[in-house]
Amino acid sequence: MQGLAVVLFPVLLMLFALAMERVEFRLSQLTVRQQEVEEFLDGASNDEVATLAKEGFPRALARFNRRRKHRSGFETDDDAETQRAG
């Protein structure tokens, strides 16, 4: 019985470490810089704040950045496709 535990424990520990790596990777995709948060809070419209409450910060920040680019007249082909699709 102890031999089985000796063999299974490292395997289970490795599987747990791999699962935690996946969780960490997903969480790192959702992080934003403090400067981005400050810019958003200073210049967000009511629609963007509603998007923040409904869909989370990454979507609201993307919408805010699209509006800023559109207002400044600088729009790339990727931005135009994103606006048409979303």
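Okay, here's what the table says:
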quantity	calculated
Using a Förster distance of 41 Å, the FRET efficiency for Arg33-Leu8 (Cβ separation, nearest 0.05)	0.45
Residue order, fewest to most beta carbons within 10 Å, for Leu61, Leu27	Leu27, Leu61
14 Å beta-carbon shell around Thr51, net charge (K/R +1, D/E -1)	+2
Neighbour cut-off at most 11 other Cβ (10 Å), DSSP loop, chymotrypsin sites (Phe, Trp or Tyr not before Pro), segment 1-77	Phe74
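Read-outs throughout are calculated quantities, based only on the coordinates presented, and are distinct from any laboratory measurement. Computed from a predicted model, the values in this text were never measured in an experiment. All Cβ positions, even for glycine, are placed from backbone atoms using ideal geometry, and neighbour counts span all protein chains on display.
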